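Q: If you scroll down you'll find the structure; I have some questions about it.
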Amino acid sequence: MWLAGVDGCPAGWVAAMAPTGDPFIPRLLVVPRLEDLFGLSDAPAVVAVDMPIGLPERVGHGGRGPEALVRPLLGGRQSSVFSVPSRAAVHAGDYPAACAAALATSDPPRRVSKQCFHLFPKIREIDALLRGRPDLAGRVFEAHPEVAFWRLNGERALDQPKKVKGRPWPAGLALREHLLRAAGFGDDTFGLRPRGTGPDDVLDALANLTVALRIARGEARSFPDPPGRDGANLPVAIWT
């Protein structure tokens, strides 16, 4: 059985894929669409992806339930967990329309950050995929790399960011690589980077792969537990 940890990247999606078993040796590939993973001969049975799944009709303080639950775990890394706005805002045509929709569907009223707005195409892509293919809803799970690293770090918040002012932060990347090595990834996993990805994208995909492995083994936790459901019956939870 194949597993995949997936992160968005400039070229589309970067996937760290590996079969269950020992040794656990991943391979990296980039696909333009998340759906492309399921057309592979070794299509993953479990995918842990860093992208929101399940969109609310209205949003309260702190965003969706999963975001409000995991943010306090991360210490200084809390800002890495965006507050995802309503489905109407995510599907709006442009930034002003998204802000208007978000203001109308949040309490207290809140606009959309530009950083979150740039993720909307990928959020819409995964939303459309899972709504159009309900058979995948039991195979695709929302994860968050910083929450995965929190778990790999003994459920302690990391004290180093992976980026500073939008640039990779060597100390933070080294800390995350150290945690992945301690989780069992060997030298062959590091140092190679597919075209169209950043160094943090690869580390995040590998972190999500550890979540996929825990899900496959029945060792993962969801926030909340049990997961909620949105209006389209998609699960709403962050897994670690």
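Q: Filter the range 69-102 down to the residues that are under 15 Å from the mean Cα position of the chain (by Cα) and part of a loop (DSSP other than H, G, I, E, B) and list them by number.
A: Within the range 69-102, V81, F82, S83, V84 qualify.
Q: Say whether the condition of being assigned to a loop (DSSP other than H, G, I, E, B) and either loosely packed, with under 12 Cβ neighbours inside 10 Å or among the aliphatic types (A, V, I, L, M) (or both) is met by at least one residue in the range 162-170.
A: Here is the first cut: in the range 162-170, the ones assigned to a loop (DSSP other than H, G, I, E, B) are 162, 165-166, 169.
This time we only want the ones that are either loosely packed, with under 12 Cβ neighbours inside 10 Å or among the aliphatic types (A, V, I, L, M) (or both), so: 165-166.
Scanning the range 162-170 turns up at least one residue that is assigned to a loop (DSSP other than H, G, I, E, B) and either loosely packed, with under 12 Cβ neighbours inside 10 Å or among the aliphatic types (A, V, I, L, M) (or both).
Q: Give the residue that is surrounded by the most Cβ atoms within 10 Å (Cβ to Cβ), with candidates limited to residues of the range 71-101 that are out of contact with any His (no Cβ under 9 Å at 6 or more places or on another chain), modelled with pLDDT of 95 or more and aliphatic (A, V, I, L, M).
A: A89
Q: Continuing with this model, one more query. May I ask you to list the residues in the range 198-227 that are touching a helix residue (DSSP H, G or I) at 6+ places or on another chain (Cβ under 7 Å), modelled with pLDDT of 95 or more and not in a loop (DSSP other than H, G, I, E, B)? Explain how you work it out, then say what you get.
A: Looking only at the range 198-227, we keep the residues that are touching a helix residue (DSSP H, G or I) at 6+ places or on another chain (Cβ under 7 Å), and these are 199-200, 203-204, 206-208, 210-211, 220, 223-224.
Keeping just the survivors that are modelled with pLDDT of 95 or more gives 203-204, 206-208, 210-211, 220, 223-224.
Within the range 198-227, L203, D204, L206, A207, N208, T210, V211, F223, P224 meet the criteria.
Q: A further question follows. Do we find that F141 is of a type in the set (A, V, I, L, M, F, W, C), under 26 Å from G54 (Cα atoms) and surrounded by 22 or more Cβ atoms within 10 Å (Cβ to Cβ) in this structure?
A: Values: of a type in the set (A, V, I, L, M, F, W, C): yes; under 26 Å from G54 (Cα atoms): yes; surrounded by 22 or more Cβ atoms within 10 Å (Cβ to Cβ): yes.
Yes: the conditions hold for F141.
The values are calculated or read from the model by the stated rules, or taken from the named source; none is laboratory data. Predicted, not measured: the structure shown is a model, and the values here were computed from it. Here Cβ is always computed from backbone atoms with ideal geometry, including for glycine, and neighbour counts include all displayed protein chains.
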